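Beneath this line is the structure, given in structure tokens, with notes to follow.
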Amino acid sequence: MKIMAQHLKEIPDFIHVPEKQLEWLIEKSQIESFKPGEYVFQKGDVVDKLSIILEGKLEIKFEQNGNYKVFDQITKNRITGLLPFSRMSSAMGYGEVIEDTEVLFLDKSFFKEMVANHYELTESLVHHMTSRVREFTKNNVQSEKMMALGKLSAGLAHELNNPASAMLRSAKALKKHLSNVPEKFKKITSIKISEHEVDILNNILFDKINNRPENNMKLTERNEKEDELEEWLEDHGVDDAFELTETLLDFCMDIPTVEEIHKAIGDHNFPNAIEWIENVLTTEKMVDEIEEASDRISSLVQSVKSYTHMDQAPEKAPTDIHTGIKSTLTMLNHKLKKKNISLEKDFQNDLPKPKIFVSEINQVWTNLIDNAVDAMEHSGSLTIKTLKDGDFIKIEITDNGKGIPEEHLNKIFDPFFTTKSIGKGTGMGLEVVQRIINQHNGDIKVISKKGKTTFTVCLPII
């Protein structure tokens, strides 16, 4: 294939490059042809040539645990390979040809001459390199954010489903319960008692409601109490007493309490009165359940707002690190519960507030905590510790999982490196983490052995 300067002018980066400089590029380069299935480059190959795709198409693939994932496609008029002032040394992936392809190669031995004598050509290639790095970085961060969002949204849906279902159940039960009120109201109006006796009932009832005691009875003790209370109620004229005992004991209304009620209003009025009391307590319990579920949903929504830093300007702001960590733990709570992970938070009080990009730092906690959970077996242990260290704050995230093999420790922050199986890791999580920490002029280190892995993040206070 014979290539002319006019052909290279079709490449957007070369529009303003003088033809003589493009002719020099063509003269110093060589053109090679590739068939489908062949590789223009493979992982580990030395990158020592500028490459321009003149015709055809190739796929950029990266290997993860023996499997290959397509990252990008390179087509006609795309510039790739080594560029002037680039520090790229070896290929991280594979360039597999999928159509008949022609590639122009310029060896790096000509770069000094190009920089010295061909300013516009050099400028266009350096500009292309910075654009490539910027686009690569943006895509990586966006991809990792989408993966994190997928994990969190799945967990959030799970966490929201429980209180939402509880609210629905309680609301339906309350509606059914209230439909029986007219019949019970008829019974209560038939009671003939004095104001003093009504006051006694109200005092007992609302003391239990307003000062609801903690009910910590074990199951066997609870069953025994219910049987004893049921027998006592039946002995004092209450029909279907088994329907009342659960709610009465929920509010710790045991035999001594119902004896006090019986003594106050007498044998004749007692059955109707105790049914009315149980009815009020049941309503109270259902409203409490709805309120508790609503609070849980509100708390989750607040955690989401805190995690994503909604309604806040995307700029650094003095922030309590603990807030982001706690919000992240809320988002990932389903994973902790699923694997029965015990969590220990060793947070220093009055920790200084560093200036950070909140949503980005929260992404750091997401990746590190999520990786820690994945590394642990069932019933593992996770410890998160914060402390002030000079002009920095340190955050240590420690798990008792399988550890990181020594031969992998110096690679874990490399792009596309992952020890997870295909589909479970992009190999970009820790690379993004390191980039975010660097953006904050901080530092991240890892120490690992079997049974203990600690990631330590240092962030400057000022």
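Since every read-out is calculated from the coordinates, none of them should be taken as a lab result. Just so it is clear, the structure is predicted and the values come from calculations on it, not from any experiment. Positions of Cβ are backbone-derived with ideal geometry, glycine not excepted, and every protein chain shown enters the neighbour counts.
Segment H127..I461, full-extension length gain: 116.7 nm, with 0.36 nm per residue of separation and the alpha-carbon distance subtracted.
If r is the Cβ-Cβ distance from N438 to H177 and R0 is 56 Å, what FRET efficiency results, to the nearest 0.05? Here the calculated transfer efficiency is 0.40. When the square roots of the Cα gyration tensor eigenvalues are ordered a ≥ b ≥ c, the ratio a/c for the range 64-122 is 1.5 or more and a/b exceeds b/c, which makes its shape prolate.
Each residue of the range 277-284 is assigned a 3J(HN,Hα), and the resulting list reads 4, 4, 5, 5, 5, 4, 4, 4 Hz, derived from the Karplus form 6.51 cos²θ - 1.76 cosθ + 1.60 (θ = phi - 60°), x at Gly and Pro. Where a ≥ b ≥ c are the square roots of the eigenvalues of the C-alpha gyration tensor, would you call the range 12-119 rounded, which needs a/c under 1.5, or, failing that, prolate if a/b is larger than b/c, or oblate? Judged from the Cα gyration tensor, the range 12-119 comes out prolate (a/c at least 1.5, a/b above b/c). Fully extending the segment from Q42 to E260 would add 69.9 nm, taking 0.36 nm per residue of separation and subtracting the current Cα-Cα distance.
Computed extension gain for E32 through S165, at 0.36 nm per residue and net of the alpha carbon distance, reaches 41.5 nm. Model label sites at E315 and N210, defined 7 Å from Cα along the beta-carbon direction, differ in position by 5.1 nm. Residues in the range 6-22 carry Karplus couplings, in order, of 4, 5, 5, 5, 6, 7, x, 5, 9, 4, 9, 8, x, 4, 4, 5, 5 Hz; the curve used is 6.51 cos²θ - 1.76 cosθ + 1.60 with θ = phi - 60°, and Gly or Pro positions show x. Near the amide H of E99, within less than 5 Å, lie the amide hydrogens of K57, all on another chain or at least 5 residues away, with H placed in the peptide plane.
Computing FRET efficiency as 1/(1 + (r/R0)^6) for S90 and K450, where r is the C-beta to C-beta distance and R0 is 25 Å, gives about 0.25.
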